Amino acid sequence: MNFESELKKGKFLISECNHCKKIVWPPSEFCNQCLKENSWRKCSPIGTIIEFSKKENTYFCVAKFENSIKIIGEIISGIPKVNGIVKIVDCGIKNNNYFFKMTSKMLSN
Ligand SMILES: [Zn+2]
């Protein structure tokens, strides 16, 4: 399994250590903590916004996924707020850069 070839297909995988269960980011075949082999699985698409900014008319955010990894994404719908929820709706590789598109949802009671 290859992280980038899967990302190109719109699948966001993360590497997790078989031994100590650490999520290793950036993705790698081996754990950076105990040096054992990692396995690949799909990342949860739901994350929490840590910070965001606005450039021209587009919001960008840094969000945390699986309580561990930080991803920069473009907000394609909704207005972000710190600690708000985002969902990855699209991802891939464009011009050799990873991209993640997210929607920002307000929590409603
Ligand atoms: Zn490990």
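The values are calculated or read from the model by the stated rules, or taken from the named source; none is laboratory data. Because the structure is a prediction, the values reported are computed rather than measured. As a convention, Cβ positions derive from the backbone with ideal geometry for all residues, glycine included, and neighbour counts pool all protein chains shown. Areas reflect the complete protein model, heavy atoms only, side chains present, ligands, DNA and RNA absent. Shrake-Rupley method; radii C 1.70, N 1.55, O 1.52, S 1.80 Å.
Quick notes
- Subset tally (residues that are within 24 Å of PRO26 (Cα to Cα) and open to solvent by 20 Å² or more (accessible area, probe 1.4 Å)) for segment 89-109: 10
- Positions within segment 41-61 being outside any loop (DSSP other than H, G, I, E, B) and open to solvent by 60 Å² or more (accessible area, probe 1.4 Å), in sequence order: ARG41, LYS42, ILE46, ILE50, GLU51, PHE52, SER53, LYS54, LYS55, PHE60
- Search result, residues across segment 62-77 that are over 19 Å from LYS21 (Cα atoms) and open to solvent by less than 40 Å² (accessible area, probe 1.4 Å): VAL62, ALA63, ILE71, GLY73, ILE75
- Of all residues in segment 14-40, those that are in a loop (DSSP other than H, G, I, E, B), away from the ligand (no atom under 11 Å from the Cβ) and open to solvent by less than 80 Å² (accessible area, probe 1.4 Å) total 2.
- Strands (runs of 3 or more DSSP E) within segment 62-109 that include 1 or more residues at positive phi and more than 13 Å from the chain's Cα centre (by Cα): none
- Every pair of residues 6+ apart whose Cβ atoms lie under 9 Å, when the first sits in segment 5-27 and is within 11 Å of SER39 (Cβ to Cβ) and of a type in the set (D, E, K, R) while the second is within 16 Å of the ligand (Cβ to nearest atom) and in a loop (DSSP other than H, G, I, E, B): GLU16/LYS22; GLU16/CYS31; GLU16/GLU66
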